[in-house]
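The values are calculated or read from the model by the stated rules, or taken from the named source; none is laboratory data. Note that this is a predicted model, so its numbers are computed, not measured. As a convention, Cβ positions derive from the backbone with ideal geometry for all residues, glycine included, and neighbour counts pool all protein chains shown.
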Amino acid sequence: MNLDLLARFYERMFLIRTFEQTVEAYFARGQMRGTTHGSIGQEAIAVGVLSHVHPDEDFVTGTHRSHGHFLALTGRVFELASELMGKKTGVIHGRGGSQHLAFGNFLTNGITGGMLPSAVGVALAKKLKGEPGVVISFLGDGGMNEGHTLEALNLAGAFQTPNIFVLENNHYAMSTVTERVTGGTFESRVRGFGLPYVRHRALDVLEIHRLFGEIYQRVRETRRPVFLEFETYRLCGHSKSDKREYVVPELEAYWRENDPLLRARRALPEETVREIEERVRRQVAEAFRRAEEAPFPDPAEELKPRP
Amino acid sequence: MPEMTLVQALRDALAVEMARDDRVVVFGEDVGRRGGVFTVTEGLQERFGEERVYDTPLDENGILGMAAGMALMGLRPVAEIQFVDFLWPGFDVVISDIAKERFRSGGQYGVPLVIRSPYGGGVKGGLYHSQSPEAIFAHIPGLKVVIPATPSEAKGLLISAIRDEDPVVFLEPKKIYFGIKEEVPEGEYTIPLGQARVVQEGSDVTIVSYGALLHEVLRANETLKQEGISAEILDLRTILPFDGPTLLESVAKTGRIVIVVEAPRILSVASELAAFVAERAVDYLDGPIVRVTGWDTPFPYALEPHYLPNVRRIVHGVRRALGLVP
Ligand SMILES: Cc1ncc(C[n+]2csc(CCOP(=O)(O)OP(=O)(O)O)c2C)c(N)n1
Ligand SMILES: [Mg+2]
C-alpha cells in the first residue's frame, strides 16, 4: 500500500468532512440559512476520481451535492465558505450559495441531471476541435430517472464523445428509496445506450483512484464514453432539515460499519493521522473565520434597472 | 373554527377533497411516505392509501405527463412539483399538452388537474429555490394561475382549483407556509377563482399584490397611515383570469395605482396589470402607474433582501404614484 498517497487522499477526505461538519454546525446555530447538501460518507469518490484531473485539459460537472467535488478539485475552503455565507469573496461572488459553483473547468447546477446534456456538448466540442482531455460528470441515483439524463446518455452513445459519467448511487433521492421508483436496472439502461458500464463499491479510496485511473486513461485514448457506477452512501441528511426517517436499516448499518473515511484513517500511522487532522482543522477554522469577516456583494453593482 | 397555518390549510383542503371525491389522487417527489418537503401531504398516504397518495421518481416530465393522462381518463390529479424552479424539465407537457388539450380536441377533452408548487423568495434558497414564474404560466392560453396569500385562501382556492374543469397552476408562497396562522373554515369551503379580495378599502391609492408580498404591503400600510395616506389594498388571488372589474372599480375611486410583485419586472404580472389599467382606465388616472418588483436578474442568493420588494420600496412607490416624489 502506498502510504504517502493514502495520507494525501486522507487529508483531502478529512478536509471535505470537516468542511461539511462545520457547515452543519453553522446551520444548527442559525449562522447560515437556506439550504445545503452535504457529502459526508461520499468523500472517497470525489477524492479518488478527481485526483486524476488535468486542470488545463479536462472538464468536470457536478450536482447539487458538490462541496466535496469542488474541494477535491481545488482545495479552496475560503472561497467555498464565503459562497455559502453569500460573501463577495465566494466562488461566484455570493450569487449562488451551496448548489451553484463555477470555477475554472468545473461547473455545477441545482437541477438534478441538468448538467449532463451540456457535458456531452462540451465533450463533443472537444472532439470536433481536436482537443485532448475528457469530461467527467457526477450524477445521483435519483437523477438517473430524469429524461435529460437518459437523453444525455443516448447522445454520448450516438456521438461517441469522451465523457465519463460517474454515478454516485447512495440509494436515496431525498427521502425516496430510488429502487422503489425505478424500472429495470441502471446497468441495462446504460448498456442499452451503447455505453460500457462499470460498477464498484466505493469503500477504499486507493482502489477508487486505481480503477478510475484505468478508465480515465482509456477514455483519453479512445475518445469514447464510459459509465461508472459507485455504490456509496450519504451518512448525513439530504439537506439540513432532514430527519432521515426513510433510511433502510441494513444499508445504514453496513455503511456506518464501513465508512471509507475511517477505513483510510485506520490504515495510516496514528502520528500521521494526528498531524493531518490538526492541520485540516486549523485550515478550515481559519478559512471560515476569514469568510465571516469578508464583505457582502454591493447591491448597487448587482441590481440595476434594465433597460 | 380551527387556527391553521397555510400548510395545514392546504393539507386540510386536500383531505376534504380526497374524502369527498375518490377521483382525487396526489403524487410527486417525496409526497407519499415523507409527506412532502414542506409537509403539505403529511398523513395523507396513511389515511387514503398508497394508490391515491404516492411517491414518483425524480422526473417532472413524467409527473406532469402522467397527470395529464390521468386527467384525460376522468381522474382529478393533484401533482406536486417540489419547487416550481424544478418544473422546467416537464414544461413541454404543460405548454404543449395540458394547456392546449381542451382547444386542440375541439372541446372533447379537458384536463382537470392541479399543479401545486411552492414558489417565491424569502427563504434564502438562492437561484433554484426562490423564483416567481407566475407570469410565464399566465402567458400560456389554457392555464389558470392561482396564488393564495392567507391560510383561508389557500384552502378555499385549492378546493376550487381541484373542482375546476380545466388545468390550474397553484403556486404556494413558501415564505409564509408556517409564519401566518388564522381561523380557517372547516369542511367544504371554496373561494371562486377569478375574484380578487378587497383587503382594505381606501381612497387615495390602490395597491395590488398577492402571495407573500401582500403581508409586506400591509406592513407598508402602517407607515402610509401615519402619513395620512388612505390605501385601498387588493389581494389578486387569481393571477389568471385576473379580476379586471374589481381592479377598474378601485382605480376609478382612487385614481392612483401601485402594483407590487416579487418577480422580475419585465413582462411581469405587474406589467400586464399596468397595461390593462392604462388601456381601460386612463381617464381616471391622476398619476403614473407604478410597479414595485424584483429585479431583472436571476435570483441572487446574498442580495435577496435587496431583491425583494420591502416596506421602504413599497412606500416609495406609493409616494411616486401620489406625485410626492419624482
Ligand atoms: C429537476 C429537479 N427536481 C427536483 C430537485 C430537488 N432535489 C434536489 S436533490 C434531490 C434528490 C437527488 O437525488 P440523487 O440524484 O440521488 O442525488 P443525491 O441527493 O442522493 O446526491 C431532489 C429531489 C432538483 N434539484 N431538480
Ligand atoms: Mg442519491
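None of B:Phe86, B:Phe48, B:Phe103, B:Phe38 is surrounded by fewer than 18 Cβ atoms within 10 Å (Cβ to Cβ) and not aliphatic (A, V, I, L, M) except B:Phe103.
Quick one: is B:Leu72 within 30 Å of A:Thr35 (Cβ to Cβ), away from ligand 1 (no atom under 16 Å from the Cβ) and away from every other protein chain (no Cβ under 13 Å)? The answer is no for B:Leu72. Residue under question is A:Glu292, and the condition is that it be part of a helix (DSSP H, G or I) and without any contact (Cβ under 8 Å) to a residue 40 or more places away in the chain; does it hold? The answer is no for A:Glu292. Among the residues examined, A:Arg256 does not qualify as out of contact with any strand residue (DSSP E or B) (no Cβ under 6 Å at 6 or more places or on another chain), closer than 28 Å to A:Val91 by Cα, loosely packed, with under 13 Cβ neighbours inside 10 Å and without any contact (Cβ under 8 Å) to a residue 40 or more places away in the chain. Looking at A:Gly194, A:Gly142, just one residue is among the small types (Gly, Ala, Ser), modelled with pLDDT of 95 or more and touching an Asp or Glu at 6+ places or on another chain (Cβ under 9 Å), and that residue is A:Gly142. Cβ-Cβ distances below 9 Å connect the following pairs, each with a first residue in segment A:214-237 that is within 14 Å of chain B (Cβ to nearest Cβ), a second residue that is within 12 Å of ligand 1 (Cβ to nearest atom), and a separation of six or more residues or different chains: A:Gly237/A:His37; A:Gly237/A:Gly38. Answer yes if at least one residue in segment B:88-108 is in contact with a Pro (Cβ under 6 Å, 6 or more places away or on another chain) and more than 14 Å from chain A (Cβ to nearest Cβ), and no otherwise. Looking for residues that are in contact with a Pro (Cβ under 6 Å, 6 or more places away or on another chain) and more than 14 Å from chain A (Cβ to nearest Cβ), one finds at least one in segment B:88-108, hence yes.
Quick one: which of B:Pro148, B:Pro118 is more than 19 Å from B:Val93 (Cβ to Cβ) and either outside the structural domain of B:Gln82 (by TED's automatic domain parsing) or touching a strand residue (DSSP E or B) at 6+ places or on another chain (Cβ under 6 Å) (or both)?
Every option except B:Pro118 fails the conditions.
At least 1 residues that are more than 16 Å from ligand 2 (Cβ to nearest atom) and more than 23 Å from B:Glu134 (Cβ to Cβ) in each: list the strands (runs of 3 or more DSSP E) lying fully within segment B:2-90 that qualify.
Those strands (runs of 3 or more DSSP E) span B:24-28, B:53-55.
Exactly one residue out of B:Arg291, B:Arg280, B:Arg256 is of a type in the set (D, E, K, R) and within 14 Å of chain A (Cβ to nearest Cβ), and it is B:Arg291.
Each row is one residue, and each column tells you yes or no for (1) in contact with a Gly (Cβ under 9 Å, 6 or more places away or on another chain); (2) aromatic (Phe, Trp, Tyr); (3) over 21 Å from B:Val24 (Cα atoms).
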position	(1), (2), (3)
B:Tyr109	no, yes, no
B:Gln131	yes, no, yes
B:Ala135	no, no, yes
B:Ala138	no, no, yes
B:Pro141	no, no, yes
B:Lys144	yes, no, no
B:Glu153	no, no, no
B:Leu158	no, no, no
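Taken over segment B:277-326, residues that are surrounded by 16 or more Cβ atoms within 10 Å (Cβ to Cβ), among the aliphatic types (A, V, I, L, M) and free of Cβ contacts under 8 Å to residues at least 60 places away in the same chain amount to 8. B:Pro305: within 14 Å of another protein chain (Cβ to nearest Cβ), assigned to a loop (DSSP other than H, G, I, E, B) and within 30 Å of A:Lys87 (Cα to Cα), yes or no? In short, no. Which members of segment A:116-135 meet the condition of being within 16 Å of ligand 1 (Cβ to nearest atom) and crowded, with 24+ Cβ neighbours inside 10 Å? Once the filter is applied, which keeps residues that are within 16 Å of ligand 1 (Cβ to nearest atom) and crowded, with 24+ Cβ neighbours inside 10 Å, segment A:116-135 yields A:Leu116, A:Ala119.
A quick yes/no check of all residues on (1) part of a loop (DSSP other than H, G, I, E, B); (2) over 30 Å from A:Ala300 (Cα atoms):
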| residue | (1), (2) |
| --- | --- |
| A:Pro55 | yes, yes |
| A:Val60 | no, yes |
| A:Arg65 | yes, yes |
| A:Phe70 | no, no |
| A:Leu73 | no, yes |
| A:Glu83 | no, no |
| A:Lys88 | yes, no |
| A:Val91 | yes, no |
| A:Gly94 | yes, no |
